[in-house]
Amino acid sequence: MSISGADSMSSASDLPFLGPRQVMELQEYSRKPKRSLSPTLGELLRRVGDSHSISNTNGEINHVLEIEDPIWVPSSYPFVLSFHNLYYSVKIRRKFPFIRKINTPDDPLDESIDPITNTKILLNNISGEAREGEILAVLGASGSGKSTLIDALADRISKESLKGTVTLNGTVLESKLLKVISAYVMQDDLLFPMLTVEETLMFSAEFRLPRSLSKSRKKARVEALVDQLGLRNAAKTVIGDEGHRGVSGGERRRVSIGTDIIHDPILLFLDEPTSGLDSTSAYMVVKVLQRIARSGSIVLMSIHQPSYRILRVLDRMIFLSRGQTVFSGSPSSLPQFFADFGHPIPANEDRTEFVLDFVRELEGSPGATKALVDFNRSRQTKEKRFQGFRNGSMPSLKDAISSSISKGKLVTGSTSTDANLSSVPRFANPFWIEMIVIAKRSILNSIRSPELFGVRLGAVIVTGIILATIFWKLDTSPKGVQERIGFFAFAMSTTFYTCAEAIPVFLMQRYIFMRETAYNAYRRSSYVLSQSLLSIPSILILSSAFAAITFFAVGLGGGISGFLFFFMFMVASFWAGSSFVTFLSGVIYNVMVGYTVVVAILAYFVLFSGFFISRDRIPPYWLWFHYLSLVKYPYQGVLQNEFEDPNKCFVKGIQVFDGSPLKAVPDSLKLKLLKSMSQTLHMNITSSTCLTTGTDILKQTGVSDIDKWHSFWVTIALGFFFRVLFYFALLVGSKNKRR
């Protein structure tokens, strides 16, 4: 059976695995029973060596893997996720707290709101279980608590706010262990648009699979996953976004799932994975989830209104209404449940649509939902909660995880099958491996999206050309001194303003970063260090371009050594500026707000840099801001680099009158004035006498409090300081937990 069409899986949707290579053909295949176990990715990889090659009619080599008819064999150590009496409420924040909500027929009073404590109950004593090999779907209308329940089970709600217990095989799950054995797929597809499907999954494999697994084995695992997800024909296609055509919506959703299951997690949580998809694409996604569940995982997902085909795939359902369970059981028991309740489902009506409409109708009448909730609770107490397991027969979590790892699931890099946290590492790779992978991915994204760096480089080159032509070959006259000071002030401030172009870089990756770090794909410190190192080449290019264009054209002093020091200060300025902007992008979530804040703060930095008003003239109560200014130190350093020579003269003889109305008088009269001044001051002042040196200029401008080397190292240190702040901003702002 060959697969064709990028998004076509109708004929292949029941296959547990669609081969590890380009087009997998199965010579014989029998439809599996509903509860047959699909092989895990680890087991499939062991069979890759048993595949053989054949040639198709086009002469292409295809790899064939023969798979025997799967037979339902219950796992010796099955997983059972149980949750009991989950309760979660939040404080209501009203814009107008003194206006009380009025109960009207069209807008009945929400029973989940407690007017005494001013809280809204999102989960109200929810209980249930999910088993290995099955899909548990949480259904309900918008605002019923579907996503909240998934978040509660996935440990995305702080333990201080969530009441109740969540256990796996009777053991309360710790947050650290849950992050290792589970994965969470968000509702939005958070992917890099310029990476291909295969590249996206390969980077995920390099993050989540251990270093002990060879490159070829990781590649084989990705190939296996591509076929399992039905993405073979789209493997070389970029993900795409609004400006770039890429894969379809259903394919994008399957890629999102694939990035989180590359390590074969035991628990898979999904927040409305079919949202925004058409019926066929949604069905394909759920069929993929069924295969994942049959491979030995527990799949839990929220879904709004599944189609009839999707309903047949689900194993268990929980219907919620304003945070309460109105039905819990298998889809096949849904008609009998409502028949016993006295409201049978019409034969020609969609079951889920009937339930949603019926529950919505009950919500319109105060107290009406309580009867359905109580009926479901009484029905559940009569049934055996753990069918197929005798009391005391449930395996321990340690034995279940050991068995799962031995079958090839949960690839963590542990050489032991012990379920203790000490042997199941939090991260699959050391930090330096993570840094390399992050750097590779960032470089690939930059190559395919060069416009961000191109804009910065273009702005620096254009600014440099403008400054070079305006301040062309400045002389050493008093007027030239003022123009040099003006050039340095504008040049240093420009370096910081051009760094504002880097604001969107992290903002576009923020939610991808949060998704990846939430379940230990890599360390936050690895991301910060990698991004910091990656910024150095671009900083060197920008600094070289600006320094080469302006230094010699403007006629700055110091020769080669002066040029090298000017270049070093440009590097330090770009480093401090990019670090500052990166830190702000870690605490500000909106691009436009980020630009506004950056421009405003940089304007204050320029104001207090010492150019507009010297340090000696700044009021004492504002002097602290002068030392906080990022522009102060590079501005002060380049001024000292230019005017540090005490033997270089900038004002001689009659040039002393250039800054006064006496500049217009004839030179002969200026010489007479100099002679008169000499007699009065008892000094011999001639037309060649040096009256102002570079040292005098530094004192006049008030930039002699710190020497140029200290200014350089302070600028570098500020860059590191803001990188550290960026790390703590990520540490605090990316916890992904509700309060």
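Laboratory data are not the source of any read-out in this text; all were calculated from the coordinates shown. Since the structure is predicted, the reported quantities are computational estimates derived from the model, not experimental observations. Glycine gets a Cβ as well: all are built from the backbone with ideal geometry, and neighbour counts include every protein chain shown.
One table, with the values for the structure above:
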read-out: Packing-based order for 362-370, 216-224, using average beta carbon neighbours within 10 Å, highest first; value: 216-224, 362-370
read-out: Cα-based radius of gyration of region 144-264 once divided by 2.2 N^0.38 Å, which approximates compact folds; value: 1.23
read-out: Viscosity 1.306 mPa s, 10 °C: Kirkwood-radius Stokes-Einstein D of region 223-294 over Cα pairs, µm²/s; value: 125 µm²/s
read-out: Lysines with Cα under 21 Å of LYS699, excluding same-chain neighbours fewer than 8 positions away; value: LYS479, LYS632, LYS648, LYS652, LYS708
read-out: Calculated FRET value between ALA545 and SER406, using beta carbons and R₀ = 51 Å, to 0.05; value: 0.35
read-out: Normalised contact order of region 260-359, rounded percent, pairs of Cα under 8 Å and 6 or more residues apart; value: 21 percent
read-out: FRET E, pair TRP709, SER212, Förster distance 35 Å, beta-carbon r, rounded to 0.05; value: 0.15
read-out: At 1.306 mPa s and 10 °C, Stokes diffusion of region 457-585 via Kirkwood alpha-carbon radius, µm² per second; value: 98 µm²/s
read-out: Inter-part distance where region 115-156 and region 549-616 are each reduced to a Cα centre, Å; value: 50 Å
read-out: Phi to ³J(HN,Hα) by Karplus 6.51 cos²θ - 1.76 cosθ + 1.60 over region 719-733, Hz, x for Gly, Pro; value: x, 5, 4, 6, 5, 5, 4, 4, 4, 5, 5, 5, 5, 8, x
read-out: Spin-label pair THR167/LYS473, simplified geometry with 7 Å Cα→Cβ offset, distance in nm; value: 8.8 nm
read-out: Simple label model, 7 Å out from Cα along Cβ direction - ASP616 to ASP241, nm; value: 5.2 nm
read-out: Label zone at GLU383, where the point sits 7 Å out along the Cα-to-Cβ direction: region 324-349 residues whose backbone N lies under 15 Å; value: 325-341
read-out: Stretchable slack from THR692 to MET514, in nm (0.36 nm times residue separation minus alpha-carbon distance); value: 58.3 nm
read-out: Length gained when the stretch LYS648-LEU681 is fully extended (0.36 nm per residue, less Cα-Cα span); value: 9.5 nm
read-out: Per-peptide average of other Cβ atoms within 10 Å, ordering 509-515, 199-205 highest first; value: 199-205, 509-515
read-out: Estimated distance in nm for a label pair at TYR308 and ASP350, the labels positioned 7 Å out from Cα along Cα-to-Cβ; value: 1.1 nm
read-out: Sequence-separation-based contact order of region 502-644, relative, with Cα cut under 8 Å and 6+ spacing, percent; value: 31 percent
read-out: Length-normalised contact order of region 199-341 in % [C-alpha pairs under 8 Å, at least 6 apart]; value: 18 percent
read-out: Partners for LYS735 among lysines (Cα-Cα distance below 18 Å; same-chain residues under 8 apart left out); value: LYS159, LYS176, LYS179
read-out: For q = 0.14, 0.19 Å⁻¹, Debye-computed log10 I/I(0) when each Cα of region 522-645 counts as one equal scatterer; value: -0.77, -1.17
read-out: Length added when fully stretched, VAL599-HIS84, from 0.36 nm per residue minus Cα-Cα; value: 180.2 nm
read-out: Ranked packing of 152-161, 464-473, most packed first, by mean Cβ within 10 Å; value: 152-161, 464-473
read-out: Dipole magnitude (debye, nearest 20) for region 678-739, charges at Cβ of Lys, Arg, Asp, Glu; value: 940 debye
